[in-house]
1. Could you pull out every one of the helices (runs of 4 or more DSSP H) wholly within the range 89-197 that has 3 or more residues that are surrounded by fewer than 17 Cβ atoms within 10 Å (Cβ to Cβ)?
2. With respect to Arg442, is the statement that it is closer than 18 Å to Phe488 by Cα and open to solvent by 30 Å² or more (accessible area, probe 1.4 Å) true?
3. Give the residue, chosen from Gly427, Gly431, that is open to solvent by 10 Å² or more (accessible area, probe 1.4 Å), outside any helix (DSSP H, G or I), at positive phi and not hydroxyl-bearing (Ser, Thr, Tyr).
4. Would you confirm whether any residue within the range 343-352 is assigned to a helix (DSSP H, G or I) and touching an Asp or Glu at 6+ places or on another chain (Cβ under 7 Å)?
5. Among (1) open to solvent by 70 Å² or more (accessible area, probe 1.4 Å); (2) farther than 30 Å from Ser332 by Cα; (3) in contact with a Phe, Trp or Tyr (Cβ under 7 Å, 6 or more places away or on another chain), where does Ala232 come up short?
6. I'm trying to understand the selection: among the residues of the range 445-458, which are open to solvent by 40 Å² or more (accessible area, probe 1.4 Å) and in contact with an Asp or Glu (Cβ under 8 Å, 6 or more places away or on another chain)?
7. Output the number of the condition that Met409 fails; it satisfies all remaining conditions of (1) without any contact (Cβ under 8 Å) to a residue 12 or more places away in the chain; (2) open to solvent by 40 Å² or more (accessible area, probe 1.4 Å); (3) not aromatic (Phe, Trp, Tyr).
8. If only one of Gly477, Gly415 is surrounded by 14 or more Cβ atoms within 10 Å (Cβ to Cβ) and either touching a His at 6+ places or on another chain (Cβ under 9 Å) or within 25 Å of Gly330 (Cβ to Cβ) (or both), which one is it?
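The values are calculated or read from the model by the stated rules, or taken from the named source; none is laboratory data. All of these numbers come straight from a predicted model, not from anything done at the bench. Note that each Cβ is placed from the backbone with ideal geometry, even for glycine, and that neighbours are counted across all protein chains shown. Side chains included, ligands, DNA and RNA excluded: accessible areas come from the protein's heavy atoms. Shrake-Rupley method; radii C 1.70, N 1.55, O 1.52, S 1.80 Å.
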Amino acid sequence: MEIYRSFVVRLLRNYVMGSVAALVMIGTVMMVSTLQFPKAQLMHLIVIVAISLLSMTGFEWLTLKRQLRPIRRFFAAKRTDRAELNGIYERIHRLPEQAAYRILGPHLFGFALPAAGLTWWMFFKGWIQFSPEYVAIAAVCALLIAGMHALAEYYLTVLAIRPLLLEVRRLGKIQHGFEPSLGGRIMVSFQRKIRLSTAMISLFPLLLFFFATSIRLQYVDHEFAREYLIWALLIVILGAGVAMVGSWLLIRDVRDPVKELTEEMNRIQEGDFGRRMPDLYGDEFSALIAGFNMMINRLEIRQERNRQLTQSYFTTLAAALDARDKYTAGHSMRVAEYSLMIGKLSGMSEEQSDLLYKSALLHDIGKIGIPDEVLHKDGKLTDDEFDIIKTHPVLGENLLQQIEPAEAMADFLPGVRSHHERYDGKGYPDGKAGQDIPVFGRIIAVADAFDAMTSDRPYRSGMSHERALAILEEGKGTQWDPHYAGLFINEWRRRQHLHGSPDKRVS
């Protein structure tokens, strides 16, 4: 609550300073140094200003209380839910814009309407005497002053809300383990801010000088004042045009590098680290782009390191599994290589091929849960023992589901669970058939069968590559997916023919 009180004090201090500058200093310049009134009329004007100030303060205080009430209630509460944290975070971000509207609404009209009404009333009473056009000029000047005050109040409030935002993020982290964020949403476009700021900064002194001078010249020469008015309007119009062109050039100068940075960040978010942003700027954006490119370099190094660690992790798991049995040493690595070959031949992307390779490395991970006396049995397995062996795809899936975070293993589960399904639906554990079998499962099934047939076992020697290929050929469409089995068979024979490698195994 202390942070909220400090914020309110800072908000009120900024408001008082801005109001004093806008209504007293500038108002004094316009009233005292520009207009020439007798002391009695000047006192009447001071009374008008005082009453209008009270009206303005009352209206604006009520508006400010309504804007701050939900924020005060939030900081007074001891605990809030996630939805309220997100809501209050967004509400605080809206305070600068609300401050600007408050100045242009209750602030301006709370002062201008009573002031105009009292001025006209005193004018008809004969208590003050001046040209009626001065009231119109005063209204325009009040609008200008309020606009400049709103601009200053906006940027001061942007600074004032930062401690509140940091506190909301801290509370979110403590109470719910997350930090509220806008998630990239734009509350106020910087193009709008630059356009309005440039227009106000450029036109405010020009228009203020124009109106003050036109009034001042009325006391000197009415005819010259009219000629001056036409000439000065032309200058104001030209000044407005220059301000608009300047703001457009400034916006473009800032918008283009920001747009490029945003596009690059979106590309990085998708995992594309292949490019670096060219440094085409000679201002502070040059340092920003250099830092951005340095960040990409470090992210790329870290990604490669993580990739190597992940690859090592999968390879170590596969090696640990194969080490249980000297006859299956290297089996997981070979199945992974064969699967990768089939995946690339089928036109898989690099990302999908990598997932397939890792799935194949882990395809037999469930055999960790198979008893040694069953897994290492030399002779033929009994029906009960074979039923135990058939549980390893499900055991493997369950084992991987225990690894956190769960989504990190999600892509590997289908291949691990379904690599013993048959294309004709007679496989296990789910009896899926045809295209219902996950793609990774259909590919690994071909690679696993080929390596199993060509590897030595305690009870038999591995068959020749050609004999294994013939069995795969016979089983296309029944045991194995005909497309993936065909890709493997054709590629293996192509490589044999290309390298002239004789098959030394006997059938």
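1. Values: elements: 95-102, 108-125, 133-160, 162-176.
The qualifying helices (runs of 4 or more DSSP H) are 108-125, 133-160, 162-176.
2. no
3. On the way: Gly427 fails: at positive phi.
From the options Gly427, Gly431, the qualifying one is Gly431.
4. Applying the first criterion (assigned to a helix (DSSP H, G or I)) to the range 343-352 yields 343-345, 350-352.
Pick out the ones that are also touching an Asp or Glu at 6+ places or on another chain (Cβ under 7 Å) and you get 345.
Yes, the range 343-352 contains a residue that is assigned to a helix (DSSP H, G or I) and touching an Asp or Glu at 6+ places or on another chain (Cβ under 7 Å).
5. Looking at each condition in turn, Ala232 falls short on (1).
6. Taking the range 445-458 first, the residues open to solvent by 40 Å² or more (accessible area, probe 1.4 Å) are 456-458.
Answer for the range 445-458, where residues must be open to solvent by 40 Å² or more (accessible area, probe 1.4 Å) and in contact with an Asp or Glu (Cβ under 8 Å, 6 or more places away or on another chain): just Pro458.
7. Answer for Met409: the failing condition is (2).
8. Working: Gly477 fails: either touching a His at 6+ places or on another chain (Cβ under 9 Å) or within 25 Å of Gly330 (Cβ to Cβ) (or both).
Unique residue meeting the criteria: Gly415.
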